[in-house]
Amino acid sequence: LNQVFAQTYEAALFTYERAKKYGLAQLNFEIANEIYPKSPRIPFDRARVYALSGQNKKALEYLEKAVGFGFKNWQEMESEKGFEKIRQEEKFQKLLAQIKENK
């Protein structure tokens, strides 16, 4: 399973996301997420891909999941270019503040 995880996760990040094939990236992230369902990193990356594809509501939903599973890197969240279109959203700001409070 670890090999399947590595292959799907890396394909999502390095092949499909870079090629702007966001649907395929999400599919691969979904498979990776089935293997590690409580990983905070996978929903964070899914949120970025949703934001890049203009699905802001889904992006915020997955950021909330990432934070819920323990995502703590507020600097990365704050500086991630993929989140430019949602950075000013109230929900984004609340999640960012929540992470900063729980450092």
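The values are calculated or read from the model by the stated rules, or taken from the named source; none is laboratory data. Source: prediction; values computed, not measured. All Cβ positions, glycine included, derive from the backbone under ideal geometry; neighbour counts span all protein chains shown. Surface accessibility is based on the protein's heavy atoms, side chains included, excluding ligands, DNA and RNA. Shrake-Rupley method; radii C 1.70, N 1.55, O 1.52, S 1.80 Å.
Summary of computed values
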read-out	value
Residue in segment 5-16 that is at pLDDT 95 or above, of a type in the set (D, E, K, R) and on the phi > 0 side of the Ramachandran plot present	no
Count of residues meeting criterion [touching a Pro at 6+ places or on another chain (Cβ under 7 Å) and either within 16 Å of Tyr22 (Cα to Cα) or assigned to a loop (DSSP other than H, G, I, E, B) (or both)] in segment 44-73	4
Some residue of segment 35-49 being modelled with pLDDT of 95 or more, on the phi > 0 side of the Ramachandran plot and not basic (Lys, Arg)	no
Failed item, numbered, when Asn102 is tested on (1) at pLDDT below 95; (2) more than 23 Å from Pro37 (Cα to Cα)	(2)
Scan of segment 9-32 for residues that are part of a helix (DSSP H, G or I) and open to solvent by 40 Å² or more (accessible area, probe 1.4 Å), ordered by number	Glu10, Phe14, Thr15, Tyr16, Tyr22, Gly23, Leu24, Leu27, Glu30, Ile31
Filtered residues of segment 53-77 (kept if touching a helix residue (DSSP H, G or I) at 6+ places or on another chain (Cβ under 7 Å), open to solvent by less than 70 Å² (accessible area, probe 1.4 Å) and not polar (S, T, N, Q))	Ala59, Leu60, Tyr62, Leu63, Ala66, Val67, Phe71, Trp74, Met77
